[in-house]
Amino acid sequence: MGRGLPTQCIHYGREVRDFEQDELGVDVLFDDGQTAQADILIAADGTGSRLRSQLFPGYESSFADYIAWRGIVDEALFNAADVANITENMTLHKQPGELFMAFP
């Protein structure tokens, strides 16, 4: 998502302390005292999101009963035709209790 936004729209290494929203947009207060005004605020601050707790007071996350295992493999170790066959665009295989995805 970040690659589709102008670099000045993304604030890395800063923490949002507060925000206020009205019909004109969102005013954001950062931990260093600086502010920014934007049309939207994307809260990508993790599972302990301060922003989510401000938007949804009293909300508590809970375990969803699933775990994701991820891995990356060197395509050169596999037959090129087999790799092309499963990753032409994206492969998704689902059966009860399992999910397999492959990206080129």
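Read the figures in this text as sums done on the coordinates, not as results from a lab. These numbers come from a predicted model, not from an experiment. In this analysis, Cβ positions are derived from the backbone assuming ideal geometry, glycine residues included, and neighbour counts consider all displayed protein chains.
Remarks
- Cα point-scatterer Debye curve for the range 52-104, base-10 log of I(q)/I(0) at q = 0.19, 0.21, 0.24, 0.25 Å⁻¹: -0.79, -0.87, -1.00, -1.04
- Identified option (computed log10 I(q)/I(0) by the Debye sum over Cα atoms at q = 0.13, 0.17, 0.25 Å⁻¹; candidates (1) -0.51, -0.81, -1.59; (2) -0.42, -0.73, -1.56; (3) -0.78, -0.94, -1.38): (3)
- Short-range pairs are left out: with C-alpha atoms under 8 Å and at least six residues apart, the relative contact order of the range 35-104 is 15 percent.
- Restricting the range 27-96 to GluC sites (Glu not before Pro) that sit in a DSSP loop and have at most 11 other Cβ atoms within 10 Å of their own Cβ leaves Glu60, Glu88.
- Note on Ile40, Ile10: ascending count of other Cβ atoms within 10 Å places them as Ile40, Ile10, the fewest first.
- Sites count as exposed loop sites when they are trypsin sites (Lys or Arg not before Pro), lie in a DSSP loop, and have at most 16 other Cβ atoms within 10 angstrom; the longest stretch of the chain without one is 15-69.
- Sparse-neighbourhood loop sites, chymotrypsin sites (Phe, Trp or Tyr not before Pro) in the chain - DSSP loop, at most 13 other Cβ within 10 angstrom: Tyr12, Tyr59, Phe63, Tyr66, Trp69, Phe78
- Cα centroid separation, the range 62-76 to the range 6-20 (Å): 29 Å
- Other residues lying with their Cβ under 14 Å from the Cβ of Arg14 contribute a combined charge of -3, Lys and Arg counting +1, Asp and Glu -1.
- For the chain, calculated [θ]222 nm from helices alone, where every DSSP H run of n ≥ 4 adds -39500 (n - 2.57): -3500 deg cm²/dmol
- Radius, Kirkwood style, for the range 2-55 when every pair of distinct Cα atoms is counted (Å): 11.9 Å
- Taking Cα centre as origin and charging only the Cβ of basic (Lys, Arg, +1) and acidic (Asp, Glu, -1) residues, the dipole magnitude of the chain rounds to 220 debye.
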